[in-house]
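Step one of this worksheet: look at the structure below.
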Amino acid sequence: MAGKSTFLRTVSLHIVMANVGLPVCAQKSEYSPIKLITSMRTSDSLTDDSSYFFSELTRLKFIVEAIKTESYFIILDEILKGTNSTDKAIGSQKFVEKLVSSQATGIIATHDLSLTKIEASLEQVKNYFFDAEIKNDELYFDYKLKKGVCQNMNASFLLKKMEIV
């Protein structure tokens with residue numbers, strides 16, 4: 001709700017448009033041509049007998065193989081959603097470490113706060129977040145990218161406000 005997925009799509013679109021020579025909508029843009037590879041909106045398939053998690057692993061494997069031979073800007077939205085939280089945390093950290101060791105560049109969006117701790121051990125990793133404030137019992141979003149890790153717990157607020165819990 002704070003703009004994370006929209007931001008990822010905007011950056012992706014910027015790269016695609018710039019790569020084909022189209023103008024981009026920005027006050028300022030510094031750009032070097034680079035191929036784009038993403039993993040967003042992964043889905044399962046009964047037809048292909050492929051679970052959501054297996055589809056995601058297949059896409060991550062494709063990315064790992066692709067960056068062995070060429071440079072890409074990688075955009076990932078919530079990797080390893082299809083497994084338990086412990087496996088997700090461990091696997092995500094190992095995957096980020098692999099990307100860093102491959103000298104990959106990109107953006108990974110996550111709600112997993114444990115993954116943000118990797119910044120302390122890998123200088124190439126930087127944490128940024130979109131924030132929300134609660135004002136007059138309503139959520140307010142400023143849609144500004146900020147350095148650090150988000151500290152707000154908006155889901156708990158919304159669950160209570162919507163009388164789900």
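Values quoted throughout were computed directly from the atomic coordinates according to the rules given, and no laboratory measurement underlies them. What you see is a predicted model; the values in this text were computed from it and never measured. Glycine gets a Cβ as well: all are built from the backbone with ideal geometry, and neighbour counts include every protein chain shown.
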>> Pull out all pairs, ordered by first then second residue, where Cβ-Cβ is under 7 Å, the residues are six or more apart or on different chains, the first lies in the stretch 137-160 and is within 15 Å of K4 (Cβ to Cβ), and the second is surrounded by 10 or more Cβ atoms within 10 Å (Cβ to Cβ) and acidic (D, E).
In response: D142/D131; K146/D131; C150/D131; N152/D131
>> Given (1) without any contact (Cβ under 8 Å) to a residue 40 or more places away in the chain; (2) touching a strand residue (DSSP E or B) at 6+ places or on another chain (Cβ under 9 Å); (3) surrounded by fewer than 17 Cβ atoms within 10 Å (Cβ to Cβ), identify the lone condition not met by A104.
In response: (3)
> Among K68, K98, K94, which is more than 15 Å from the chain's Cα centre (by Cα), assigned to a helix (DSSP H, G or I) and touching a residue at least 24 places away in the same chain (Cβ under 8 Å)?
Replying inline: K98
